[in-house]
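Undergrad: Encoded as structure tokens, here's the structure I'll be asking about.
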Amino acid sequence: MGRWTLRRRLVVVVVALVAVVAAAMGTLSTLALQSSLTTQLDEKLTAAHRRTVDGPVRVGGIAVAPDQAADELPAPPGSTFRPGQDAGTVNVQVPDGAGPADLTALQAGYVDDDGNLVALDQTQTEQLLAVPTDGEPVSIVLSDLGGYRAIASVATDGTTNVTALPSTSVTSTVTTFVAVEVVVAALALLVAAAAGMVLVRRELRPLDRVVGTANRVARLPLDRGEVVLADRVPARDTDPATEVGQVGAALNKLLGHVEQALGARHESESQVRQFVADASHELRTPLASIRGYAELVRRSPDDVPVSALQAMSRVESESERMTALLEDMLLLARLDAGRPLASEPVDLTVLAIDAVTDAHAAGPDHDWRLDLPSEEHLEDALVVGDDHRLRQVLANLLSNARLHTPAGTAVTARVRRAGDKVVLQVADDGPGIPPALRESLFQRFTRGDASRNSATGSTGLGLAIVHAVVTAHGGTITVSSGPGTTFTVTLPAALAA
Ligand SMILES: Nc1ncnc2c1ncn2[C@@H]1O[C@H](COP(=O)(O)OP(=O)(O)O)[C@@H](O)[C@H]1O
Ligand SMILES: [Mg+2]
């Protein structure tokens, strides 16, 4: 029962209660009816018995011999039968000293519905004579005849009189009553179940709406960006007078708080982002001057000592590195801010060819390879997005393959169609990515050997940018690296297959 819904539990409880009440009422009223009918029968029985015991018919209060009032008698003289006794009344009259076997039909018998006198057999007579002679009605079952109420007494002359009336009327009335009651109770249960179901469903419908609101909100992406939590439980389901209303009102309050908190978070996040963007932007100009002056010094080598020249060339290369870092930071800040990207058809095949050509120029010691769809399937590699950013994705992946693998490594740029996606892969057979790095590979400033990387212009932002651009295009990026490294970028295709 603990796992049942509230709905089912309520209906079951209502139906069970109705069933218990109906059973109790039915039992009590049946008992009452039976006892009242039995009382009536007993009164009739007592009257019939008194007539038998009191003897001859009395006319105007004077006792007359039965034969004197023959026209009023239903039975021949000398019988135990008296006027006014119902058909079916059983009479047994045993004179003192006589046995059951000595009795005539008139002394042990009954008049049936058609007026025929029927004698009792010996068993029936003995059954009746076993009735206690204390004048109290008892229930007995006569063989072949059925249920009876019987009363017995012994007169002063020693004659034993037993009178019995069939209790079939009581039994059949009670049976009919019970049948009617069962039918009525069954109907009442059906009505209670149906009404309970309808009522409970109607009363709990607001709860469904509250649940619906909670589910809709739960499906919203709340983890980043600006979140609009417009969904609320409708006002009619927030009446604090009802339990469901209290839940609805509490949920609305909670949603209000969450919306406020998320708004505050978004606010502070965008402030930080704006600050990074502004700072990167502001630093570009002074850096450009530093680079310019360093270059100026380098161009007039005669005016300065050699050591100063060396220092200036370091200043120049470091400021170049710093410019690259600032550009990356600015780009990431802009991607974080969710700046809309261009959305134009971009052919990844063209991008791959260009990028590999550039990479070949930058790293002639590597073995660069292209793996593209065949001529007639070129449109398979079309995606919708920002050409410039997607070029950057490829450039970053290829420059990683160039910078983080030894000379002679084979690097393959592969483009192919998979269902409604275009898959772009950059695979190399280099040494692979250090295991310590793999977890946080796409996070900012994650990079391998820093000392070596400083020579290569490594910033640790390359893969973070790749990840951000791919995600902004609605794509995914995965990496597998044992010996050899494969980056797999999946982007939604522009055209259906
Ligand atoms: N193809 C690759 N083979 C081996 N290591 C790689 C490869 N690509 C990336 N890495 C490792 O992942 C780190 C992070 O790469 P990235 O985010 O591009 O930063 P950066 O290239 O500026 O160091 C690199 O420093 C390098 O150690
Ligand atoms: Mg890199």
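The values are calculated or read from the model by the stated rules, or taken from the named source; none is laboratory data. Keep in mind that this is a model prediction, so the values were computed, not measured. Quick reminder, even Gly has a Cβ in these numbers, built from the backbone with ideal geometry, and neighbours come from all protein chains shown. Calculation scope for accessible area: heavy atoms of the full protein, side chains included, ligands and nucleic acids excluded. Shrake-Rupley method; radii C 1.70, N 1.55, O 1.52, S 1.80 Å.
Undergrad: Can you give the net charge of the other residues whose Cβ lies under 13 Å from the Cβ of LEU370, counting K and R as +1 and D and E as -1?
TA: Once all neighbours under 13 Å are counted, the net charge is -1.
Undergrad: Taking only protein heavy atoms into account and a 1.4 Å probe, give the accessible area per residue of the chain in Å².
TA: Accessible surface, normalised per residue, equals 56 Å².
Undergrad: Need one number: % antiparallel among DSSP beta bridges in the chain, to the nearest 5.
TA: Looking only at bridges with both residues in the chain, the antiparallel portion is about 90 percent.
Undergrad: Okay, next question. Counting Lys and Arg as +1 and Asp and Glu as -1, what is the net charge of the other residues whose Cβ lies under 13 Å from the Cβ of ARG232?
TA: +1
Undergrad: Which number do you get for Rg(Cα) / (2.2 N^0.38 Å) in the range 371-497?
TA: The range 371-497 yields a ratio of 1.07.
Undergrad: Taking a probe of 1.4 angstrom, what is the accessible area of ASP102 in Å², to the nearest 10?
TA: 100
Undergrad: Fully extended, how many nm does the chain gain between THR156 and ASP54 (0.36 nm per residue separation, minus their Cα-Cα distance)?
TA: 35.6 nm
Undergrad: Sticking with this structure for a sec: Once the other residues with Cβ under 14 Å from the Cβ of GLN310 are scored (Lys, Arg +1; Asp, Glu -1), what is the net sum?
TA: 0
Undergrad: Show MET25, MET312 ordered by accessible area, largest first, where the area counts protein heavy atoms only and the probe is 1.4 Å.
TA: MET25, MET312
Undergrad: Under the Karplus relation 6.51 cos²θ - 1.76 cosθ + 1.60, θ = phi - 60°, what is the ordered set of whole-Hz ³J(HN,Hα) values for the range 469-477, x standing for Gly and Pro?
TA: In residue order, the calculated couplings are 5, 4, 5, 5, 8, x, x, 9, 10 Hz.
Undergrad: Could you let me know the centre-to-centre spacing of the range 142-160 and the range 357-398, using Cα atoms, in angstrom?
TA: If you average the Cα positions of each part, the centres end up 118 Å apart.
Undergrad: Extension gain THR176-HIS377, at 0.36 nm per residue separation less the Cα-Cα distance, in nm?
TA: Using 0.36 nm per residue and subtracting the Cα-Cα distance, I get 63.6 nm.
Undergrad: Now, a different point. Mind listing the long-range amide H neighbours of LYS421? Cut-off is under 5 Å, sequence gap 5 or more, other chains count too, H placed in the peptide plane at 1.01 Å from N.
TA: It is ALA493, by chain and number.
Undergrad: I've got another one for you. With a 1.4 Å probe and every protein chain kept in, tell me what percent of the accessible surface of the chain is carbon plus sulfur.
TA: On the chain, the fraction of accessible area on carbon and sulfur atoms equals 58 percent.
Undergrad: Which cross-chain or sequence-distant (5 or more) residues have an amide H under 5 Å from the amide H of THR159, H modelled 1.01 Å from N in plane?
TA: ASP96
Undergrad: For ASP365 and ASP231, what does the FRET efficiency come to when R0 = 56 Å and r is the distance between their Cβ atoms, rounded to the nearest 0.05?
TA: 0.45
Undergrad: While we're here: To the nearest 20 debye, what charge dipole does the chain have about its Cα centre, counting +1 at the Cβ of each Lys and Arg and -1 at the Cβ of each Asp and Glu?
TA: Computed charge dipole of the chain: roughly 2080 debye.
Undergrad: Just the Cα atoms of the range 80-175: what Rg and Dmax do they give in Å?
TA: 12.9, 42
Undergrad: Using only the Cα atoms of the range 320-415, build the gyration tensor, take square roots of its eigenvalues as a ≥ b ≥ c, and label the shape rounded, prolate or oblate: rounded if a/c is under 1.5, else prolate if a/b is larger than b/c, else oblate.
TA: Because a/c hits 1.5 or more and a/b fails to exceed b/c, the range 320-415 counts as oblate.
Undergrad: Using only C-alpha atoms and all pairs of different ones, pull out the Kirkwood radius for the chain in Å with one decimal.
TA: 34.3 Å is the Kirkwood radius here.
Undergrad: Then there's this: What is the angle, in °, between the Cα long axis of helix 243-299 and the longest principal axis of the Cα atoms in the chain? Nearest 10 is fine, range 0 to 90.
TA: Taking the Cα atoms of the chain, the angle to 243-299 is about 10 degrees.
Undergrad: Show that you can apply the helix-only estimate: for the chain, add -39,500 (n - 2.57) for every DSSP H stretch of four or more residues, divide by all residues, and state [θ] at 222 nm to the nearest 500.
TA: -18000 deg cm²/dmol
Undergrad: Run the numbers for SER343 and MET322: contour at 0.36 nm per residue of separation, minus the present Cα-Cα distance, in nm.
TA: Full-extension gain reported as 4.5 nm.
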